[in-house]
Amino acid sequence: MVQRDEWGYILKIASHTPFHPWARITAALAQSLDGNREKPGVVSSVGVYTPKFGLGSLENPKMIGRGEVDVGITNPPITAKLAMEGIGPYRESVGSLRAIARFPEPDYIFWLVDEKLGIASMEDIPRRKPKLALVSGRVCPTGPDTITWTIEEVMKQYGFNYQDIASWGGKVLFPGQATIGVPIVKKREANAIFQEGVHHVMWEELVESYPMNCLGLSADVVEYMKSKYGFVENTIPRGRLKGVEKDLLTLDFGGWLLFCREDLPEELAYLLAKASMDNRERIAAPYKDQPPHIRSLEVPITGQHLSSKCVIPLHPGAERYYKEIGCL
């Protein structure tokens, strides 16, 4: 349960590192909920925490499930479902979680390989067994993060995994997020990258300096990830990167989900949903003048964005707020 003192709740929020976009969201929420001004409010104080191992998507659900924090953000929303069910990158269930708001981050996974390797499809990789130096996500002491696990689960449907790449004379690098991984490829220290975080100009810069083939996924593999785990399909549109001459099927990896344990007091979930709505323009402000394809958030953020596509059920307090404003 959430701690209290004589002035109200002491709320703990799991976010990300201080300069990560999630930190802007949680800072806005914390400021909005700080109720100790002219008179005491429902919330006495708010603490914002960095995730274990710097892996917010993977570790925040665990921290919430253990009761170390009360609220957090993960990405994509399907991660919360995997955590509840104890499948995928999770070795056991973290307990019952509930959604508060989904911030509309548009994202999907790129599958890029050096053009010179002559790989035209995912099926070509196990057939030709190229010497790949593949950049993926990150592995921590408790296992792979969500994107790293997702990438290998997709590769397994084509008949290969990370160990196979090493057995072919290649290697797999786990440097972290795309802003770290893409520069490694750009410096020719790797010749392939499977990663998310596509809303950044660095991807265009990469393929301009290093010709790469962008691969698509088969409908069967996408359907497997949808039916077994609940993933959503997406499309890499024609022309998105140099050399992408037709729409390509991939997995969606978008949405920053604010969520909590099922037992979070209803008044807190209501206030957090309201704070998300009240601060939506402030949260979206850094992205409003950017070209749509490199925005980290859709602009403007609407109540429909916040209250839909959460994958896991809304907390009753958040649901009550969204119904009051006509979003549900």
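The values are calculated or read from the model by the stated rules, or taken from the named source; none is laboratory data. Computed from a predicted model, the values in this text were never measured in an experiment. Backbone-built Cβ (ideal geometry, glycine too); neighbour counts: all protein chains shown.
Among residues belonging to segment 261-296 that are small (Gly, Ala, Ser) and either free of Cβ contacts under 8 Å to residues at least 24 places away in the same chain or out of contact with any Pro (no Cβ under 8 Å at 6 or more places or on another chain) (or both), point out the one that is surrounded by the most Cβ atoms within 10 Å (Cβ to Cβ).
Going residue by residue through segment 261-296, those that are small (Gly, Ala, Ser) are 269, 273, 275-276, 284-285, 296.
Adding the requirement that they be either free of Cβ contacts under 8 Å to residues at least 24 places away in the same chain or out of contact with any Pro (no Cβ under 8 Å at 6 or more places or on another chain) (or both) leaves 273, 275-276, 284-285.
Details: Ala273: 28, Ala275: 22, Ser276: 26, Ala284: 20, Ala285: 13.
Top of the filtered list is Ala273.
What are the pairs with Cβ atoms under 7 angstrom where one residue, in segment 2-27, is assigned by TED's automatic domain parsing to the domain that holds Val46 and among the basic types (Lys, Arg) and the other, located anywhere, is buried (at least 24 other Cβ atoms within 10 Å of the Cβ) and at pLDDT 95 or above? Sequence gap at least six, or different chains.
From residues that are assigned by TED's automatic domain parsing to the domain that holds Val46 and among the basic types (Lys, Arg), the pairs are Lys12/Asp70.
With the requirement that a residue be assigned to a loop (DSSP other than H, G, I, E, B) and either under 30 Å from Tyr9 (Cα atoms) or small (Gly, Ala, Ser) (or both), what does segment 240-272 give you? Working first, answer last.
Pass one, segment 240-272, residues assigned to a loop (DSSP other than H, G, I, E, B): 240-247, 253-255, 262-265.
Hits for segment 240-272 are Gly243, Gly254, Gly255, Glu262, Asp263, Leu264, Pro265.
For segment 64-88, name all the residues that are of a type in the set (A, V, I, L, M, F, W, C), more than 13 Å from Trp149 (Cβ to Cβ) and in contact with a Pro (Cβ under 7 Å, 6 or more places away or on another chain). Lay out the reasoning, then the answer.
Of the residues in segment 64-88, the ones of a type in the set (A, V, I, L, M, F, W, C) are 64, 69, 71, 73, 78, 80, 82-84, 87.
Subset that is more than 13 Å from Trp149 (Cβ to Cβ): 64, 69, 71, 73, 80, 84.
Once the filter is applied, which keeps residues that are of a type in the set (A, V, I, L, M, F, W, C), more than 13 Å from Trp149 (Cβ to Cβ) and in contact with a Pro (Cβ under 7 Å, 6 or more places away or on another chain), segment 64-88 yields only Ala80.
Could you list all residues from segment 168-192 that are closer than 29 Å to Ala219 by Cβ and in a helix (DSSP H, G or I)?
Within segment 168-192, Ala178, Gly181, Val182, Val185 meet the criteria.
Would you check which residues across segment 212-239 are touching a residue at least 24 places away in the same chain (Cβ under 8 Å) and part of a loop (DSSP other than H, G, I, E, B) and list them?
Leu215, Gly216, Leu217, Ser218, Gly230, Phe231, Val232
Would you mind listing the strands (runs of 3 or more DSSP E) fully within segment 50-142 where at least 1 residues are over 30 Å from Glu189 (Cα atoms) and in the same structural domain as Lys288 (by TED's automatic domain parsing)?
Values: elements: 71-74, 97-103, 110-114, 133-135.
Ranges flagged: 71-74, 97-103.
Consider Glu204 carefully, then state whether it is buried (at least 16 other Cβ atoms within 10 Å of the Cβ) and of a type in the set (Asp, Glu).
Values: buried (at least 16 other Cβ atoms within 10 Å of the Cβ): no; of a type in the set (Asp, Glu): yes.
Considered against the rule, which asks whether it is buried (at least 16 other Cβ atoms within 10 Å of the Cβ) and of a type in the set (Asp, Glu), Glu204 comes out as no.
What residue, of Tyr224, Tyr210, is at pLDDT 95 or above, surrounded by 14 or more Cβ atoms within 10 Å (Cβ to Cβ), more than 22 Å from Val154 (Cα to Cα) and aromatic (Phe, Trp, Tyr)? Don't jump to the end; show me each part of the working.
Numbers: Tyr224 fails: more than 22 Å from Val154 (Cα to Cα).
Checking each option against the conditions leaves just Tyr210.
Considering only segment 146-195, state which residues are of a type in the set (Ser, Thr, Tyr) and farther than 19 Å from Leu55 by Cα. Explain how you work it out, then say what you get.
Taking segment 146-195 first, the residues of a type in the set (Ser, Thr, Tyr) are 146, 148, 150, 158, 162, 167, 179.
Residues satisfying the conditions are Tyr158, Tyr162, Ser167.
With surrounded by fewer than 17 Cβ atoms within 10 Å (Cβ to Cβ) and either under 30 Å from Glu204 (Cβ atoms) or touching a Gly at 6+ places or on another chain (Cβ under 8 Å) (or both) as the only criterion, which of Arg24, Arg91, Arg102 stands out? I'd like the intermediate steps shown before the answer.
On the way: Arg24 fails: surrounded by fewer than 17 Cβ atoms within 10 Å (Cβ to Cβ); Arg102 fails: surrounded by fewer than 17 Cβ atoms within 10 Å (Cβ to Cβ).
Arg91 is the lone residue from the list that is surrounded by fewer than 17 Cβ atoms within 10 Å (Cβ to Cβ) and either under 30 Å from Glu204 (Cβ atoms) or touching a Gly at 6+ places or on another chain (Cβ under 8 Å) (or both).
Within segment 193-213, take every residue that is among the aliphatic types (A, V, I, L, M) and within 22 Å of Pro106 (Cα to Cα) and give me the one that is nearest to the chain's Cα centre (by Cα).
Quick first cut of segment 193-213, residues among the aliphatic types (A, V, I, L, M) only: 193, 198, 201-202, 206-207, 212.
Then keep just the ones that are within 22 Å of Pro106 (Cα to Cα); that gives 193, 198, 201-202, 206-207.
On the way: Ile193: 17, Val198: 11, Val201: 18, Met202: 18, Leu206: 22, Val207: 23 Å.
By that ranking, first place goes to Val198.
Is it the case that segment 240-260 has a residue that's in contact (Cβ under 8 Å) with a residue 40 or more places away in the chain, loosely packed, with under 14 Cβ neighbours inside 10 Å and either under 17 Å from the mean Cα position of the chain (by Cα) or not assigned by TED's automatic domain parsing to the domain that holds Ala318 (or both)?
Scanning segment 240-260, I find at least one residue that is in contact (Cβ under 8 Å) with a residue 40 or more places away in the chain, loosely packed, with under 14 Cβ neighbours inside 10 Å and either under 17 Å from the mean Cα position of the chain (by Cα) or not assigned by TED's automatic domain parsing to the domain that holds Ala318 (or both), so the answer is yes.
Quick grid of which residues meet (1) within 27 Å of Leu29 (Cβ to Cβ); (2) of a type in the set (A, V, I, L, M, F, W, C):
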residue	(1), (2)
Asn234	no, no
Leu241	no, yes
Ala273	yes, yes
Met277	yes, yes
Arg280	yes, no
Glu298	yes, no
Ser308	yes, no
Leu314	yes, yes
Tyr321	yes, no
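Got a sec? Which of Lys187, Lys156 is more than 23 Å from the chain's Cα centre (by Cα), outside the structural domain of Ser57 (by TED's automatic domain parsing) and surrounded by fewer than 19 Cβ atoms within 10 Å (Cβ to Cβ)? Explain how you work it out, then say what you get.
On the way: Lys156 fails: more than 23 Å from the chain's Cα centre (by Cα).
Criteria check complete, one pass: Lys187.
From the residues in segment 163-177 that are under 26 Å from Gly255 (Cβ atoms) and at pLDDT 95 or above, which one is surrounded by the fewest Cβ atoms within 10 Å (Cβ to Cβ)?
Residues of segment 163-177 that are under 26 Å from Gly255 (Cβ atoms), as a first pass: 174-177.
With the extra rule that they be at pLDDT 95 or above, the set shrinks to 174-175.
Details: Phe174: 16, Pro175: 18.
Only one residue fits best here, namely Phe174.
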